[in-house]
Amino acid sequence: MYAIRKIQEDLVYVGGSDRRLSRFENLFPIPRGVSYNSYLLLDEKTVLFDTVDDSISRQFYENVEAALAGRTLDYMVVHHMEPDHCSMIVALLHRYPEAKIVCSAKALTMIAQFYAEDVQARALVVAEGDKLSTGKHTLHFVMAPMVHWPEVMVTYDEPSKTLFSADAFGTFGALAGNIFDDEIDFDSAWMSDARRYYTNIVGKYGAQVQALLKKAAALDIEMICPLHGPVWRGNLGLLLDKYQKWSTYEPEDKRVMIAYATMYGNTENAACVLAGMLADCGVHKIAMYDVSGTDVSELVAESFQCSHLVLAAPTYNGGLHPRMETFLNDLKALNLQNRTVALIENGTWAPVSGRHMKAILESMKNMTVLDGTVALKSSLAEGQLGALAALADEIAAQLAE
Ligand code: FEO
């Protein structure tokens, strides 16, 4: 049975959610599932904005058919060619033989790469500033390369002041009937997934997100329809403010995250002692993670939130503990910048993990590594408590500034 919701007088939500998929992109755990949003405009011409992942194809077919109510599909706007949105394109073209694809030139190239079907004759290629009138509505196409792939564009619908934003402003998390931000408690129930989605999926492309935000600022937007998560019509400023910080790599909070790797608990012990010292210095909301037991996407999200990081890791095979190395390489790949970092290294015969962590951090932009790396030889020694306390004092003083 179809499960659709009216968004505006002539705009219908025809997407759906997957609660069975365990990892998005076969990479990121999604215990709360994910939605694949698709929207159908019922103007003089009918327009479908993106399709869905084929895992929810049955629901999608029923939704589109019900929303069309016997009408044909005239246009299918393809904003983004990642298969979580494009995997139903060819099937829809077969089902609706009059439908034309509206997409960027790069998207058309990608369609040919993904699918054997020749869609050239059914494609309307649009570029920055192009418009398409569908009757009462005029669609404005705005290119948004690298948010999240190079072919991405977004669409602004002039009369309804709606931005169809592709992956931008999306989040992990399945929808449960309530599809609008003002029907859910986004800040408490969704924000951590939104942060994890943004930082891990789009985090690398801050400059390109900034370019899109600048274009969006010139538009009068009352509603944002992303490809994942709720439709924004209530507090648009909530997520826009976060996007501004995330895309400029500005910490959300003056706060410290301690991330440690440990083999037998000795490095963990030093991290715990430091956490206690920080708390004694008046530092609140300390976050602490074992990098071996925490998905790296969570570590990345927390790193985008906090101003200060403490990284503690043993030496391993003459280098850095592999889980810490993976985490740091991920932070570097995602372009994290502007953080202050303190280091604790460990090693029983030749500690070098601090040097390795520092080398990765120094290859990133605007990362300040505090002097006074605490070098453990197997375990924290009584005589090292002073060095750890000095580190706690310095971090606490900076957080209090
Ligand atoms: Fe939701 Fe980049 O795809």
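Any read-out appearing in this document is the output of simple, stated calculations on the displayed coordinates, not a laboratory observation. Keep in mind the model is a prediction, meaning the values are calculated, not measured. Because the Cβ atoms are built from the backbone with ideal geometry, glycine has one as well, and the counts that use them run over all protein chains shown.
Over all Cα atoms in segment 138-224, the spread is summed up by Rg and Dmax: 13.5, 36 Å.
Once you sort the root eigenvalues of the Cα gyration tensor of segment 89-177 as a ≥ b ≥ c, which label holds: rounded (a/c under 1.5), prolate (a/b larger than b/c) or oblate (the other case)?
Values: a/c = 1.37, a/b = 1.19, b/c = 1.16.
Because its axes are fairly even, with a/c under 1.5, segment 89-177 counts as rounded.
Extension gain, Thr248-Leu213: 0.36 nm per intervening residue step, less the Cα-Cα distance, totals 11.5 nm.
Per the Debye formula with a single identical scatterer at each Cα and no solvent contribution, what log10 I(q)/I(0) holds for segment 60-216 at q = 0.13 Å⁻¹? Taken in order of the listed q values, log10 I(q)/I(0) reads -0.70.
Place the peptides 371-381, 69-79 in order of packing, highest mean first, counting for every residue the other Cβ atoms within 10 Å and averaging per peptide.
Numbers: 371-381: 16.3, 69-79: 18.4.
Sorting 371-381, 69-79 by mean packing, highest first, produces 69-79, 371-381.
Could you work out the local net charge near Leu41, counting Lys and Arg as +1, Asp and Glu as -1, over the other residues with Cβ closer than 11 Å to its Cβ? Its environment carries a net charge of -4. Backbone N atoms of segment 321-357 closer than 19 Å to the 7 Å Cα→Cβ label point of Ala387 belong to residues 321, 341-357. Between 0 and 90 degrees, the angle of helix 353-362 with respect to the longest Cα principal axis of the chain falls at about 40 degrees.
How much length is gained on full extension from Gln337 to Leu236, taking 0.36 nm per residue of separation minus their Cα-Cα distance? Kindly include the intermediate steps, with their values, before the conclusion.
Numbers: separation 101, 0.36 × 101 = 36.36 nm, distance 2.58 nm.
Roughly 33.8 nm would be gained on extension.
The angle between the Cα long axis of helix 266-280 and the longest principal axis of the Cα atoms of the chain comes to about 90 degrees, rounded to the nearest 10. What is the calculated FRET efficiency for Ala189 to Trp349, with r their C-beta to C-beta distance and R₀ = 41 Å, to the nearest 0.05? Taking R0 as 41 Å, the efficiency between Ala189 and Trp349 is 0.25.
Taking the three principal axes of the alpha carbon atoms in segment 203-357, the coordinate ranges are 62, 34, 24 Å, sorted in descending order.
Over the residues of the chain, the helix contribution to mean residue ellipticity at 222 nm works out to -9500 deg cm²/dmol, using -39500 (n - 2.57) for each DSSP H run of at least 4.
Taken over segment 313-367, the percentage of Cα pairs per 10 Å bin, counting from 0 up to the bin with the maximum distance, is 26, 54, 18, 1. Excluding same-chain neighbours fewer than eight residues apart, the lysines reachable from Lys365 by a Cα-Cα span under 28 Å are Lys204, Lys214, Lys215, Lys242, Lys245, Lys254, Lys285, Lys332.
Using the Cα atoms of segment 243-294 to build a convex hull, what is its mean projected area in square nanometres? Don't skip to the answer; put the middle values down first.
Details: hull surface 17.8 nm².
Projected area, direction-averaged: 4.5 nm².
Name the shape class, rounded, prolate or oblate, that the alpha-carbon gyration tensor gives for segment 37-112, where a ≥ b ≥ c are the square roots of its eigenvalues, rounded holds for a/c under 1.5, and otherwise prolate holds if a/b is larger than b/c and oblate otherwise. Here segment 37-112 falls in the oblate category.
Highest mean packing first, where packing is the average number of other Cβ atoms within 10 Å per residue, the peptides 325-333, 49-57 line up as 49-57, 325-333.
Can you give the convex hull volume of the alpha carbon atoms of the chain per residue, in Å³? Walk me through the numbers before you get to the answer.
Details: hull volume 56.9 nm³, N = 401.
Convex hull of Cα atoms, per residue: 142 Å³.
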